[in-house]
Amino acid sequence: MSVEKINTVIVGAGQAGIAMSEHLSLMGVPHIVFERNRIAERWRSERWDSLVANGPAWHDRFPSMKFDNISQEAFPPKERMAQYFEDYAKMLNAPVRTGVEVHQVERLPGRSGFKVLTSIGEFEADNVVAATGPFQKPSFPQIVPDSANLHQIHSSSYKNPQQLPEGGVLVVGAGASGSQIAEELGKTGRKVYLSVGEHYRPPRSYRDRDYCWWLGALGLWDEVKIKPKKQHVAFAVSGYEGGKTVDFRRLAHMGITLVGITQQWDNGVLSFADGLAENIAEGDKAYFDVLRDADAYIERNGLDLPLEPQAWALLSDPECLINPLTQLNLAEAGITSIIWATGFKFDFSWLQADAFDEKGVPFHKRGISAERGIYFLGLPNLVNRASSFIYGVWHDAKYIADHIVLQNAYTDYEKS
């Protein structure tokens with residue numbers, strides 16, 4: 001069988017892969033994008049039915065195409081997001097090959113480049129860009145045994161309330177996914193418990209500007225003014241129901257019981273860690289920090305934006321926050337389902353390259369890996385906090401494309 005040779009193979013045709021293809025095309029770099037399913041598949045089939053983008057349409061897009069047939073202030077639903085990336089790929093005439101799974105990438109022996117084994121045959125590439133993003137493999141702690149009489153799923157498998165058996169639900173994890181799913185379930189009349197840990201809780205909007213705008217205006221996307229932050233803290237923001245601030249007190253007052261971090265299972269009883277009130281208070285602090293920084297920015301720049309005094313008011317503490325549960329007998333509480341909204345982990349088992357540290361985490365600088373010719377794109381904090389977002393991945397892709405072109409020039413150099 002003949003082996004197709006190409007300068008660059010991009011693995012994944014989500015937002016990262018499409019952005020990478022655009023920049024390589026503009027620079028005249030021959031490439032292929034392999035996607036094992038459809039373009040933007042995770043938007044299509046690996047999220048719940050009511051999911052919308054976390055940012056408004058004017059922001060969560062690439063520079064060369066606006067959303068049409070939708071308000072630029074709206075939060076596009078997941079089907080519209082998937083269509084956007086498919087339309088973008090068509091506009092670029094991007095060389096995407098769907099339904100192709102990359103089984104293995106390994107360095108060619110005795111010469112430069114990589115052997116790329118796929119479901120449609122073997123390829124050779126000078127460069128490989130891993131654009132599979134940060135949401136590769138569902139991650140959840142092995143706390144509740146499979147033998148427990150409970151319906152347990154990860155948030156990536158949740159679609160809608162009708163999918164769950166009758167009864168109460170424990171949602172573990174209170175980031176964007178967990179808080180939205182808990183609220184959706186609570187509105188159906190189910191008894192819902194929400195396990196809340198450390199989180200970052202910004203305002204959805206403030207003084208007539210969305211939080212995405214404030215991230216840019218305050219330099220928070222780029223993190224030029226770096227503040228100490230904890231790793232793996234849930235990001236509690238959502239565009240749900242037109243966009244509103246995630247407010248755990250509001251969820252509690254609508255009937256959702258807040259509990260601490262889910263800690264241990266013992267014969268049908270779950271125990272929760274102390275510190276619920278402290279974690280809620282830390283989330284409040286982050287929220288008020290944004291308000292203060294925004295007020296200072298408005299005053300410093302002489303902007304005429306309306307005051308919003310109500311944004312500074314907190315609801316009263318609910319009983320579940322004043323006297324938090326430390327244990328819960330799930331059967332007695334009527335809980336029949338647990339949804340683990342506990343995030344994802346990487347899966348680069350297909351990439352056989354010296355591009356990882358001792359813990360198996362990609363070892364790179366701005367996406368340029370320790371293995372020459374291997375690149376990563378779309379990972380959290382690849383460059384800054386924008387890197388895993390639509391806004392940021394496009395700019396990160398340009399940097400990597402520039403590097404590929406530069407390295408190609410070294411490879412092609414012949415002394416005159």
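The values are calculated or read from the model by the stated rules, or taken from the named source; none is laboratory data. Predicted model, so just to flag it, every value in this text is computed and none were measured. Note that we place each Cβ from the backbone using ideal geometry, even for glycine, and neighbour counts take in every protein chain shown. To get the accessible areas, we keep the full protein, side chains included, count just its heavy atoms, and leave off ligands, DNA and RNA. Shrake-Rupley method; radii C 1.70, N 1.55, O 1.52, S 1.80 Å.
Just checking, does region 375-397 include any residue being of a type outside the set (A, V, I, L, M), within 19 Å of residue 106 (Cα to Cα) and open to solvent by less than 50 Å² (accessible area, probe 1.4 Å)? Yes, because at least one residue in region 375-397 is of a type outside the set (A, V, I, L, M), within 19 Å of residue 106 (Cα to Cα) and open to solvent by less than 50 Å² (accessible area, probe 1.4 Å). Scanning region 34-48 for residues being surrounded by fewer than 21 Cβ atoms within 10 Å (Cβ to Cβ) and either touching a Leu at 6+ places or on another chain (Cβ under 9 Å) or free of Cβ contacts under 8 Å to residues at least 60 places away in the same chain (or both) gives a total of 3. Looking for something in contact (Cβ under 8 Å) with a residue 24 or more places away in the chain, more than 24 Å from the chain's Cα centre (by Cα), more than 25 Å from residue 208 (Cα to Cα) and exposed (fewer than 14 other Cβ atoms within 10 Å of the Cβ) - is there at least one such residue anywhere in region 244-252? Checked against the condition, which is being in contact (Cβ under 8 Å) with a residue 24 or more places away in the chain, more than 24 Å from the chain's Cα centre (by Cα), more than 25 Å from residue 208 (Cα to Cα) and exposed (fewer than 14 other Cβ atoms within 10 Å of the Cβ), region 244-252 yields no hits at all.
Taking the condition modelled with pLDDT under 95 and under 24 Å from the mean Cα position of the chain (by Cα), does residue 161 pass? Against the criterion (modelled with pLDDT under 95 and under 24 Å from the mean Cα position of the chain (by Cα)), residue 161 does not qualify.
The strands (runs of 3 or more DSSP E) found wholly in region 253-343 and carrying at least 1 residues that are surrounded by fewer than 16 Cβ atoms within 10 Å (Cβ to Cβ) and at pLDDT 95 or above occupy 262-266, 269-272, 327-329. Could you check how many residues of region 25-71 are under 30 Å from residue 409 (Cα atoms) and in contact with a Phe, Trp or Tyr (Cβ under 9 Å, 6 or more places away or on another chain)? Residues meeting the conditions: 5. Taken together, 23, 31 contain a single residue that is more than 21 Å from the chain's Cα centre (by Cα), more than 21 Å from residue 346 (Cα to Cα), open to solvent by less than 10 Å² (accessible area, probe 1.4 Å) and of a type outside the set (Phe, Trp, Tyr), which is 23. Every residue in region 82-124 that is farther than 28 Å from residue 411 by Cβ and either among the basic types (Lys, Arg) or assigned to a strand (DSSP E or B) (or both), please. If the condition is that a residue be farther than 28 Å from residue 411 by Cβ and either among the basic types (Lys, Arg) or assigned to a strand (DSSP E or B) (or both), then 90, 98 are the ones that fit. Of the residues making up region 197-231, just one is modelled with pLDDT of 85 or more, on the phi > 0 side of the Ramachandran plot and open to solvent by 40 Å² or more (accessible area, probe 1.4 Å), namely 208. Filtering region 89-129 to residues that are crowded, with 21+ Cβ neighbours inside 10 Å and either free of Cβ contacts under 8 Å to residues at least 12 places away in the same chain or of a type in the set (Lys, Arg) (or both) leaves nothing.
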